[in-house]
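Okay, structure first, notes after.
FYI, it's all coordinate maths here, none of it is from the lab. In this text, all values refer to a predicted model and were calculated from it rather than measured experimentally. Virtual Cβ from ideal backbone geometry, glycine too; neighbours counted across all protein chains shown.
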Amino acid sequence: MENTLSIIKPDAVAKNVIGKIVDRFESNGLKIAAMKKVQLSQADAEAFYAVHASRPFFGDLVKFMISGPVVIMVLQGENALAKNRELMGATNPKEATKGTIRADFAESIDANAVHGSDSLENAENEINFFFAQREIL
Ligand code: ADP
Ligand code: MG
């Protein structure tokens, strides 16, 4: 069993497609082990994306992530991390494979509908950033 972090970003929450995105996970064998809707603060977003702090898009990324509420989940299952990345599709929705979440629900590389952890080490850190152990079931 593997745990990974997923975030439904402000663009997808605003589009009212939380349920449709959650269905992609559940229909593909992933369990929702934890879930909450949160308005991130600037400090939250900067800390969460600290690995990207030196990238030119960091400021815009933080601004976008605090532009509205997000839904944060722990996805659980066999190969949950890789499965989630596959379901998400490429970072740029224009390059994302047909049928992936980003191809179907995202507009641009900035507003790209979902976040997913990219390594097991980062997944653990990201999960601990947002959830207490008793919230992960
Ligand atoms: P992913 O979300 O697919 O793991 P990254 O970790 O590389 O992608 O980047 C984190 C987020 O930063 C992306 O989801 C996207 O919203 C934003 N981002 C990445 N690259 C760019 C870029 N070249 N221009 C604007 N935003 C970007
Ligand atoms: Mg990433």
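Does the chain come out rounded, prolate or oblate, given a ≥ b ≥ c as the square roots of the eigenvalues of its C-alpha gyration tensor, rounded meaning a/c under 1.5 and, failing that, prolate meaning a/b above b/c? The shape class here is rounded. One chain, two ends: Gln39 and Asp104. Fully extended at 0.36 nm per residue, the span grows by 21.0 nm beyond their Cα-Cα distance. Across the options Thr100, Phe58, Ala34, the greatest Cα extent toward the positive end of the charge dipole of the chain (unit charges at beta carbon of Lys, Arg, Asp, Glu) belongs to Thr100.
Overall, the stretch 84-137 carries a charge dipole of about 180 debye about its Cα centre when +1 sits on the Cβ of Lys and Arg and -1 on the Cβ of Asp and Glu, all other atoms neutral. Remark: the Tyr49-Leu120 segment gains 24.0 nm on full extension, using 0.36 nm per residue and subtracting the alpha carbon distance. Calculated FRET efficiency, Gln133 to Asn92, Cβ-Cβ distance, R0 = 25 Å: about 0.10 to the nearest 0.05.
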